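Take a look at the structure below.
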Amino acid sequence: MIYAANFKMNHTRASTARYIETLEKRLCEAQWEERVLLFPPATALQASSGHITVGAQNAYMAQKGAYTGEIGLQQLEEFGIETILIGHSERRQLLAEEQEFVSRKFAWYKEADFTIVYCIGEPIEVRESGEEAVAEYLWEQFDGIDIDYEKLIVAYEPIWAIGTGRSATVEEIRATHDELRRRISAPLLYGGSVKRENIASISAIENVDGVLVGSASLDAEEFFAMMIEGR
Ligand code: PGA
């Protein structure tokens, strides 16, 4: 299993450092062997150490340059960051990142040899139209994406399940991950209201190789307790 924590716009540089210290201590005690990824805000990026790989929630597709408000490869390299989230629905929706833009960013960070956690997910109206509509919608989010990239991790995150407390059901996750597995051999994460109460049933699904967790990852002890449940 892969356990990924997406802080979104939560935590500061100082609290992220405390979080890493707490979580790392627990992982050491547990002799943890599975992969742990942490995506703090850009101001809290720091070198990975121990069990935890730190990645960027976003970055622009350039080494450096005139891109006001963005960070690029130069800023990531300062901390040895080699992992990035691309295609999160909050960026697609709130920041208007379209598929063409997302796929260019993917190609650029692939060229830079990054591990890419590539997020896809359907809105509620598509889910309500049935499994076939969901599959069609999700495959469109792979337009321009190299699904055979060896450092690809896919995160399926239904938009209606993100931050709502309402996770997809085990059956919905199973069906969708089975569909994705038809063409994708990369690890498949599920995200969307994963928490301590549901992680065991989600991680037990055959084609679920990990979880991407927002709200329930914000407290280090809580996240660790959840990881133990998911094992
Ligand atoms: P959530 O967020 O766990 O708060 O639903 C997941 C995500 O958006 O990555």
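Values quoted throughout were computed directly from the atomic coordinates according to the rules given, and no laboratory measurement underlies them. Everything numeric in this text was worked out from a predicted model, so none of it was measured. Using ideal geometry, Cβ is built from the backbone for each residue, glycine included, and neighbour counts are taken over all protein chains shown.
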For residue 64, give me every one of the lysines with a C-alpha distance below 20 angstrom, ignoring sequence neighbours fewer than eight places off in its own chain.
105, 110
Have a look at the DSSP beta bridges in the range 1-128 and tell me what percent are antiparallel, nearest 5.
5
What FRET efficiency comes out for the pair residue 204/residue 21, r = Cβ-Cβ distance, R0 = 45 Å, nearest 0.05?
0.90
Bins of 10 Å from zero: percent of alpha-carbon pairs in the chain:
8, 35, 38, 17, 2
The range 1-132 shape via C-alpha gyration tensor axes, a/c threshold 1.5:
oblate
Taking the chain and counting helices only, DSSP H stretches of n ≥ 4 at -39,500 (n - 2.57) each over all residues, the nearest-500 ellipticity at 222 nm comes to -10000 deg cm²/dmol
Taking the alpha-carbon centroid of each part, what is the distance from the range 92-150 to the range 7-70 in angstrom?
23
Which of the listed residues, 63, 89, 160, is farthest toward the dipole's positive end in the chain, when Lys, Arg count +1 and Asp, Glu count -1 at the beta-carbon?
63
To check you understand DSSP bridge types, tell me what percent of the beta bridges within the chain (both residues inside) are antiparallel, rounded to 5.
5
The size of the Cβ-based charge dipole (Lys, Arg +1; Asp, Glu -1) of the chain about the Cα centre, to the nearest 20 debye, is 660
Report, ordered by chain and residue number, the lysines lying within cross-link reach of residue 195, taken as a straight Cα distance under 29 Å and ignoring same-chain residues fewer than 8 apart.
8, 25, 151
Length-normalised contact order of the chain, Cα under 8 Å, at least 6 apart, in percent, tallies to 20
